[in-house]
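The block underneath contains the structure these notes are about, expressed in structure tokens.
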Amino acid sequence: MLPGLMQDRPLRIIDIISFAATAHSTQEIVSKNVDEPISRHNYAATFKRVAQAAHMLVSLGVKSGDRISTLSWNTNRHFELFYAGPGLGLVVHTANPRLPDEHLIYTINHAGSRVLLLDRNMQAIYERIADKLETVENVVFLTDAERTPQGYQGYEALIADKPATYDWPLFDENTGAFLCYTSGTTGDPKGVVYSHRSVVLHGLAAGLSGALGFAAFDVVMPCQSLYHATAWGLPFAGPINGVKFVFPCDKFDGASLQALIEGEGVTFSGGVPTIWTMYLEYLRQTGGSPGTLQRVIIGGSAVPRDMAVEFDRLGVTVQQIWGMTETSPLGVVATPTPALAAEGDAAMKEQIWTRQGRMMFGIEMKIVSEEGEALPHDGEQDGALMVRGPWVLSRYFRADDDATDQDGWFDTGDVSTIDRFGFMRITDRKKDVIKSGGEWISSIDLENIAAGCPGVKVAAVAGIYHPKWEERPIMLIERHDGADVSEGDVRAYLKSRVATWWMPDRIFFEDVPMTATGKIDKKIIRDRHAHALDSA
Ligand code: ADP
């Protein structure tokens, strides 16, 4: 083999912000912080703050390879740590404050973090778990001197007198940079370590026009949490393309988002469906319009078709994405192609609204039968979705074995179809598929259809034990504020839209439990209603 004769410069995360500080120096990062006025720093100033934060971390005694944990919302300071930590060769563990205490403690101990950096309103959580944290030596509140709780160190005070440049070390691009845990709805949370190489490649790919399609004219407001798979890579895809950022902190309610959209000219946002249900409800109640907002990426759970339709009516394009912590997380993004456009505007929109997305370069995909045979991409047959690529997990943190098969394929745990245009559609998570009398019922399809019934805010479907059919679906309905939709209404709505044997055996009107990452918590539903059909 003839070796290539090109430079062997490692891919480093710090080079992303260093580039933006020069090529897009005046673009702004606008941020809310807990109980503080909005802050504004451009990329040039941010890069200096990143250097100061790096000096601060070094002064706390951490060394390359050490882990630090953050317990923080979507803010500029959290964003700065996304560069300062990896820039030094540290691994940033983004702890999820919505996890139950025992899982939070587990992840920070498992990470072995030496420093914990947290927002002001995390003080109560921290003080509840402090004596169970085994490795944390330093705690830093991500706030200014005035607001730092008594007896603690504060970020702004610690970085204030530090130099604004840093001699960033060169190291192997396969060095770990982020440690993200899956939410552990089954068993203990599992840690995924992203490398500099995987983060940079993922960030480059995420910005492509066949994916999120970023340009320096975009004003991006991430509403997916920075602690959830690094907010789907936006903190990296953004600066690579020079976007302006608007960080909402923990204020994801409709009124707060609308104020930022109007005040900052937000063009692009993203998040799990729950956020957008709240936002659309807010617009409906106030008669407001989404103003400058042009595009919203939605993923984490299936996008109800009606949500996409409503956004479309308001002039906002919805792009569904699918991914998981183990895929950094972008796997597919729903973007149009000429072949789809040739089928007409309505058909194209329908494809895009009802599929999770189209394959993107960098992630190989296949679907396989229960026997492991590759299935055709005909949009009909569904099978276990397997993925492979430079930003897909190979082994969980501290595990002894690889999480892939011998050819490097990772089983996502999802069941899906792939069609001839390369569009992938999730029919269910393997563990959520309902097996009724030997036939399969897709809980996701049933939820999506029910979500279209007027008055329904969230519909959740789970399979529970049935003495005759093995499993049958039950449905939970959460109503919109003030709506009086009844069981009869839901059944009448479903009747013309689903096969009779898909009709849920019971419908309960109650709050739908959500996981720490904003997904319907089917485990809780199954436990809560485990015996609802015992005497059926
Ligand atoms: P966790 O499992 O920790 O809640 P992840 O974000 O890693 O968090 O979850 C990934 C899973 O979320 C996927 O395997 C898939 O089941 C589901 N998911 C993500 N995006 C979508 C989507 N657009 N439609 C349906 N399911 C999705």
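Points to keep in mind about this one:
- Top-ranked residue in segment 496-519 [being more than 16 Å from the ligand (Cβ to nearest atom) and in contact (Cβ under 8 Å) with a residue 40 or more places away in the chain; ranked as farthest from K435 (Cα to Cα)]: R497
- Top-ranked residue of segment 155-184 - restricted to ones that are crowded, with 17+ Cβ neighbours inside 10 Å and among the polar types (S, T, N, Q), ranked as nearest to V115 (Cα to Cα): T175
- Applying a threshold of 6 Å to beta carbon distances and a minimum spacing of six or more residues, or different chains, the list of pairs starting in segment 344-358 at a residue that is within 12 Å of the ligand (Cβ to nearest atom) and ending at one that is among the β-branched types (V, I, T) and outside any helix (DSSP H, G or I) reads Q356/V332; Q356/I426; G357/I321; G357/V332; G357/V333.
- Taken together, the residues in segment 171-217 that are small (G, A, S), part of a loop (DSSP other than H, G, I, E, B) and within 15 Å of the ligand (Cβ to nearest atom) amount to 4.
- In segment 283-309, the residues that are in contact (Cβ under 8 Å) with a residue 24 or more places away in the chain and under 16 Å from V272 (Cα atoms) reach residues that are among the aliphatic types (A, V, I, L, M) and more than 16 Å from the ligand (Cβ to nearest atom) with C-beta atoms within less than 9 angstrom, at least six apart or across chains, in these pairs: R295/V316; V296/V316; M307/L280.
- Qualifying residue in segment 393-405 (condition: surrounded by 13 or more Cβ atoms within 10 Å (Cβ to Cβ), in a strand (DSSP E or B) and in contact with a Ser or Thr (Cβ under 7 Å, 6 or more places away or on another chain)): yes
- Sole residue being of a type in the set (S, T, N, Q), within 15 Å of the chain's Cα centre (by Cα) and assigned to a loop (DSSP other than H, G, I, E, B), chosen from S301, S289, S269: S301
- Within segment 310-326, considering residues that are of a type in the set (S, T, N, Q) and surrounded by 22 or more Cβ atoms within 10 Å (Cβ to Cβ), the one nearest to the ligand (Cβ to nearest atom): Q320
- Selection status of G383, farther than 28 Å from C180 by Cβ, at pLDDT 95 or above and small (G, A, S): no
- Residue pairs meeting the criteria (Cβ under 7 Å; at least 6 apart or on separate chains; first farther than 20 Å from V62 by Cα, in segment 104-121; second of a type in the set (F, W, Y) and not in a helix (DSSP H, G or I)): D119/W73; R120/F141
- Scanning segment 320-358 for residues that are among the acidic types (D, E) and at pLDDT 95 or above turns up just one, E326.
- Check on T292, of a type in the set (S, T, N, Q), within 16 Å of the ligand (Cβ to nearest atom) and in contact with a helix residue (DSSP H, G or I) (Cβ under 9 Å, 6 or more places away or on another chain): no
- Within segment 42-61, tally of residues that are on the phi < 0 side of the Ramachandran plot and either surrounded by fewer than 22 Cβ atoms within 10 Å (Cβ to Cβ) or over 28 Å from the mean Cα position of the chain (by Cα) (or both): 10
- Whichever residue in segment 380-392 is within 14 Å of the ligand (Cβ to nearest atom) and over 16 Å from T325 (Cα atoms) and, among such residues, is surrounded by the most Cβ atoms within 10 Å (Cβ to Cβ): D382
- Of the residues making up segment 479-507, those that are surrounded by fewer than 17 Cβ atoms within 10 Å (Cβ to Cβ) and not in a loop (DSSP other than H, G, I, E, B) number 10.
- Considering the conditions (1) within 16 Å of the ligand (Cβ to nearest atom); (2) under 19 Å from the mean Cα position of the chain (by Cα), G362 is excluded by exactly one of them, (1).
- Being farther than 13 Å from P329 by Cβ and of a type in the set (S, T, Y) is a property that holds for S209.
- Of the strands (runs of 3 or more DSSP E) contained entirely in segment 414-466, those carrying at least 2 residues that are among the small types (G, A, S) and within 15 Å of the ligand (Cβ to nearest atom) fall at 456-466.
The values are calculated or read from the model by the stated rules, or taken from the named source; none is laboratory data. Everything numeric here is computed off the predicted structure, so don't read it as measured data. Positions of Cβ are backbone-derived with ideal geometry, glycine not excepted, and every protein chain shown enters the neighbour counts.
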